[in-house]
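Asks: Quick one: the structure is below, and I'll ask about it shortly.
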Amino acid sequence: MSRYYGMRVKIQKFDKSKRRKINKACAEEWPFEGLDSYKTDDGIVLMGDAEGSLCGGETEEDFADRIAEAVWRANGNYCQVNVIATYLEDLPYEIHERRYQDYRKWKKKAA
């Protein structure tokens, strides 16, 4: 059974000369179309978002391990890797319905 996720990866304190290798490694593990670079007080940060399916019983933790290992291999050393996983098939939501009486209140207030 596959489960549909939005994954965000954030990579910090990496070897700047390995940026392309890290980008490629991430794209091979998940459908990232490229990681964006941001300059922060702590240095350059690479971030990317993509949606896809975890299959074969893979968990969010398994995915985090898989992407971190790919990044560390590409970086040739440790760097900080954060993964934010959002399960997209059953998101909480609220319905905000506006009825005719709401329209009438608005119309009265707008007049």
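The values are calculated or read from the model by the stated rules, or taken from the named source; none is laboratory data. What you are looking at is a predicted structure, and each value in this text was computed from that prediction instead of being measured. Every residue, glycine as well, gets a Cβ built from its backbone with ideal geometry; the counts of neighbours run over all protein chains shown.
Asks: Given the conditions (1) surrounded by 14 or more Cβ atoms within 10 Å (Cβ to Cβ); (2) on the phi < 0 side of the Ramachandran plot, which single one is not true for Lys13?
Replies: (2)
Asks: Then there's this: Is it the case that some residue within segment 47-56 is free of Cβ contacts under 8 Å to residues at least 60 places away in the same chain, in contact with a strand residue (DSSP E or B) (Cβ under 7 Å, 6 or more places away or on another chain), surrounded by fewer than 10 Cβ atoms within 10 Å (Cβ to Cβ) and not aromatic (Phe, Trp, Tyr)?
Replies: At the first step, the residues of segment 47-56 found to be free of Cβ contacts under 8 Å to residues at least 60 places away in the same chain are 47-56.
Imposing the further condition that a residue be in contact with a strand residue (DSSP E or B) (Cβ under 7 Å, 6 or more places away or on another chain) reduces the set to 47-54.
Of the ones still in play, those that are also surrounded by fewer than 10 Cβ atoms within 10 Å (Cβ to Cβ) are none.
Within segment 47-56, not a single residue is free of Cβ contacts under 8 Å to residues at least 60 places away in the same chain, in contact with a strand residue (DSSP E or B) (Cβ under 7 Å, 6 or more places away or on another chain), surrounded by fewer than 10 Cβ atoms within 10 Å (Cβ to Cβ) and not aromatic (Phe, Trp, Tyr).
Asks: For segment 84-111, name all the residues that are assigned to a loop (DSSP other than H, G, I, E, B) and at pLDDT 90 or above.
Replies: At the first step, the residues of segment 84-111 found to be assigned to a loop (DSSP other than H, G, I, E, B) are 88-99, 111.
Passing the criteria: Leu88, Glu89, Glu97, Arg98, Arg99.
Asks: Taking the residues in segment 62-83 that are out of contact with any Phe, Trp or Tyr (no Cβ under 8 Å at 6 or more places or on another chain) and of a type in the set (A, V, I, L, M) as candidates, determine which candidate is surrounded by the fewest Cβ atoms within 10 Å (Cβ to Cβ).
Replies: Going through the qualifying residues, I end up with Ala64.
Asks: Within segment 1-35, count every residue that is at pLDDT 95 or above, closer than 26 Å to Glu89 by Cα and charged (D, E, K, R).
Replies: Residues flagged as at pLDDT 95 or above, closer than 26 Å to Glu89 by Cα and charged (D, E, K, R) within segment 1-35 amount to 4.
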